[in-house]
C-alpha cells in the first residue's frame, strides 16, 4: 500500500519567507519544499551527532552560535529540559 504524504502548514512572515526560503530556493535551484526538507535533514543529522557525543565547533562568539543553531540544540528532545536557574554574578 502506498504511503500518503501528510500536509503541514508553516507560517512565516513575508520577510522570513523571502530571506530564508525563497532566497535559498533561488540560489540552489530548488523548490521551497525541497529547501525545508533539506534543512530538516541537516538539522536532524547534526542533532543526532551531538547527541552521540560529538562536538560541533562554530567560529565566533556564543551569541552568534546560538543565532545559528537556535536554543535547545543538542538537548534530548524526548525529555523536558531541566529548569534553568539564574545565577547571581554580584
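Between residue 40 and residue 61, the C-beta separation translates, for a Förster distance of 30 Å, into a calculated FRET efficiency of about 0.65. If you wrap the tightest convex hull around every Cα atom of the range 14-67 and split its volume per residue, you get 105 Å³.
Here, each number is a calculation from the coordinates, and none is a lab measurement. Quantities reported herein were computed from a predicted structural model and do not represent experimental measurements. Neighbour counts are summed over all protein chains in view; Cβ atoms, including those assigned to glycine, are modelled from backbone coordinates with ideal geometry.
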